[in-house]
Amino acid sequence: MSERVIIFDTTLRDGEQSPGASMNTGEKLRLAIQLEKLGVDIIEAGFPAASEGDLDAVSQIAGKLKKTVIAALARTSREDIDQAWLAVKHAVKPRIHTFIATSDIHLEYKLKMSRDEVVEAAIEAVKYAKSFTNDIEFSAEDGSRSDRDYLCRVFEAAIEAGATTVNLPDTVGYAIPEDYSELVKYVIEHTPNIHKAVLSVHCHNDLGLATANTLAAIKAGARQAEVTINGIGERAGNTSLEEVVMALNTRPNYIPVSTGINTQYIYPSSRLVSMITGIIVQPNKAIVGANAFAHEAGIHQDGVLKNPMTYEIMKPETIGLSTNRLVLGKHSGRHALRTHLKDLGYDLSDEELNLVFKKFKELADKKKHVVDEDLEVIVTEGILRTKDIFRLEYLHVTAGTTVLPMASVKLSINDRSVQGAGYGNGPIDAVFNSIAKLTGTESELLRFSVSALTGGTDAQGEVTVRLGENGLIALGKGADPDIITAGGKAYINGLNRLEYLKTHPVKEAAVL
Ligand code: KIV
Ligand code: ZN
């Protein structure tokens with residue numbers, strides 16, 4: 001049997017550091033449950049010292065999941081490690097992940113510490129974390145730009161102190177596959193006790209090389225890959241889980257290792273992350289992009305019809321993207337809906353299912369076929385957003401070639417109904433102005449984009465907005481067969497997310 005590569009998913013920690021990707025505790029829990037179904041070995045659930053919200057989310061996830069290792073991130077201070085332990089101590093399999101930078105540039109300008117002091121801090125942190133649990137990961141931040149021999153010295157000391165995994169991050173996405181692979185080999189050859197720990201890699205995508213670097217590192221001997229769904233993460237993102245897993249699956253002879261991933265949950269997990277974070281997957285994104293399996297050229301279509309292997313190196317079904325996707329219509333029953341939603345990552349209570357079923361029937365009356373994307377919208381808007389401060393109750397718009405665009409809007413704000421009207425340059429502008437007046441928001445609209453969720457003129461339109469206020473950035477999403485209503489929903493969703501961010505401040509997350 002081939003050697004196993006451990007899949008360490010950090011969508012909930014590094015992924016959440018994507019601008020505007022903050023998730024609330026309920027969303028994080030839902031995603032963690034989906035990640036367990038997907039079969040990741042470790043979930044890095046958060047950075048508890050960063051905020052109370054993070055601590056709460058990590059401890060809820062730790063209390064809920066039974067199979068997966070739950071990791072919490074901590075700097076090397078005792079306070080951080082205490083918080084991390086507080087969050088994961090109820091997990092069946094807890095891990096504390098502590099880190100400190102090892103590159104000279106970080107030591108001189110950020111930490112203002114000598115190399116010896118950093119080694120001491122690493123040893124102290126690992127020993128202290130070890131007093132709580134056996135499973136300790138140590139990361140050498142900016143490892144790829146660190147002096148090789150010093151890196152080996154730090155790893156040796158961390159392992160000696162009790163680290164069971166040592167991680168070599170390419171924190172700034174600077175590495176090139178060949179060099180990174182050489183570095184991994186060097187570390188394996190020059191860290192005397194490396195056989196007592198798992199060597200992990202963690203890559204960022206600043207040069208678009210995160211997946212290539214991770215694969216090169218695995219080929220060179222690394223046995224843990226740190227990844228996120230859809231590659232979301234700080235700046236240009238992290239290594240994407242689906243790319244690494246499918247590369248290993250598709251080319252088993254090139255890198256003869258396996259993972260524990262249930263690949264049929266890749267696509268539903270990708271959709272779930274996109275729906276929760278509001279970050280759209282680019283259409284040409286490898287594996288999970290809308291065009292990843294779409295053949296446009298006639299010559300390709302002809303080949304695929306004759307034999308899919310002519311132009312397809314993977315089967316769409318392998319990642320859970322069935323070509324005969326279940327299309328539900330108004331005659332579909334509750335049971336089919338429940339089963340299908342479960343596969344998409346939504347395990348609903350009876351009460352929630354009733355609500356979704358009702359909305360599904362309403363949509364099926366307007367639209368002949370209800371597809372996965374429609375269902376996701378119903379669930380995220382109808383169920384996951386029930387605790388929002390602002391809710392849209394009513395929207396009426398007049399617009400056209402000869403009238404001034406006007407909108408009248410009724411909102412519920414903390415369960416109290418308010419209504420008002422406004423005008424604008426166009427119908428969307430009128431809707432946004434009216435909502436802004438009613439909510440009294442001081443946020444600024446930074447971005448607005450519209451797309452169709454599925455093909456056809458009866459498709460749902462999807463609007464994404466990006467709002468900013470006093471340094472906080474939030475994304476909002478809304479979908480509806482009526483694009484103006486979708487815009488209103490997206491704006492309200494963004495405002496709710498901003499409110500959430502105001503009450504769940506993230507402390508010092510920028511240090512990472
Ligand atoms: O990119 C990085 O170095 C990190 C560490 C905290 C592992 O995210
Ligand atoms: Zn990172």
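The values are calculated or read from the model by the stated rules, or taken from the named source; none is laboratory data. These numbers come from a predicted model, not from an experiment. Note that we place each Cβ from the backbone using ideal geometry, even for glycine, and neighbour counts take in every protein chain shown. Ligands, DNA and RNA are stripped out before the accessible areas are found, and what is left, the full protein with its side chains, is counted by its heavy atoms. Shrake-Rupley method; radii C 1.70, N 1.55, O 1.52, S 1.80 Å.
Leaving out ligands, DNA and RNA, what percent of the accessible area of the range 53-94 is carbon and sulfur, probe 1.4 Å?
Carbon plus sulfur share of accessible area: 51 percent.
Sorted by mean Cβ packing within 10 Å, highest first, what order do the peptides 90-96, 129-135, 460-466 take?
Ranked from most to least packed, the peptides come out as 460-466, 90-96, 129-135.
How large a share of the accessible area of the range 131-201, in percent, is made up of carbon and sulfur atoms when the probe is 1.4 Å and the other protein chains stay in place?
For the range 131-201, the apolar C and S fraction of the accessible surface comes to 48 percent.
Compare the Cα positions of Gln282, Val184, Thr402 along the charge dipole of the chain (+1 at Cβ of Lys, Arg; -1 at Cβ of Asp, Glu; about the Cα centre) and return the one farthest towards the positive end.
The residue sitting most towards the positive pole is Thr402.
Output the 0 to 90 degree angle, nearest 10, between the alpha-carbon long axis of helix 241-250 and the longest principal axis computed from the alpha carbons of the chain.
Here the helix axis deviates by roughly 70 degrees.
Against the longest principal axis of the chain, how steep is helix 350-366, in degrees 0 to 90 to the nearest 10, with axes from Cα atoms?
50
Just want the answer: with Cβ charges of +1 for Lys and Arg and -1 for Asp and Glu, which residue in Ile81, Val227, Gly63 is farthest toward the dipole's positive end in the range 3-277?
Gly63
Calculate one ³J(HN,Hα) per residue across the range 214-224 by plugging θ = phi - 60° into the Karplus curve 6.51 cos²θ - 1.76 cosθ + 1.60, and present them in order as whole Hz with x for glycine and proline.
5, 5, 4, 5, 5, 4, 7, x, 5, 10, 9
Can you compute 3J(HN,Hα) from phi for each residue in the range 338-344, using the Karplus curve 6.51 cos²θ - 1.76 cosθ + 1.60 with θ = phi - 60°, rounded to whole Hz and x for Gly and Pro?
After applying 6.51 cos²θ - 1.76 cosθ + 1.60, I find 4, 4, 5, 5, 4, 5, 7 Hz.
Would you work out if the range 390-503 is rounded, prolate or oblate? Take a ≥ b ≥ c from the square roots of the eigenvalues of the alpha-carbon gyration tensor; rounded if a/c is under 1.5, else prolate when a/b is larger than b/c, oblate otherwise.
Values: a/c = 1.61, a/b = 1.20, b/c = 1.35.
The shape class here is oblate.
Mind putting together the pair-distance distribution for the range 3-277? All Cα pairs, 10 Å bins, whole percent per bin, short to long.
7, 32, 39, 19, 2
Magnitude of the Cβ-charge dipole of the chain, K/R +1 and D/E -1, about the Cα centre, nearest 20 debye? Please list the in-between numbers first.
Values: 55 positive and 67 negative charges, 295 e Å.
Charge dipole, the chain, about its Cα centre: 1420 debye, nearest 20.
Just to confirm, what accessible area per residue do you get for the chain at 1.4 Å probe, in whole Å²?
Spelled out: the 1.4 Å probe surface of the chain, per residue, equals 44 Å².
Kindly rank 351-362, 274-285 from highest to lowest mean number of other beta carbons found within 10 Å of each residue. Show your work: numbers first, answer last.
Numbers: 351-362: 16.2, 274-285: 18.4.
Highest mean packing first, the order is 274-285, 351-362.
Roughly speaking, to the nearest percent, how much of the range 390-503's 1.4 Å accessible area is carbon and sulfur?
On the way: 2740 of 5460 Å².
C and S atoms contribute 50 percent here.
Would you kindly compute the Cα radius of gyration of the chain and its largest Cα-Cα separation (Dmax), both in Å?
So, for the chain, Rg and Dmax equal 24.1, 79 Å respectively.
Which length gain, in nm to one decimal place, applies between Glu124 and Lys66 when the Cα-Cα distance is subtracted from 0.36 nm times their residue separation?
17.9 nm
Using only helices, what value at 222 nm comes out for the chain when you add -39,500 (n - 2.57) per DSSP H run of length 4 or more and divide by the total residues, to the nearest 500 deg cm²/dmol?
Only helices count here, giving -12000 deg cm²/dmol.
Which angle between 0 and 90 degrees, to the nearest 10, do you get for helix 483-503 versus the longest principal axis of the chain when only C-alpha atoms count?
Helix 483-503 sits roughly 40 degrees off the main axis of the chain.
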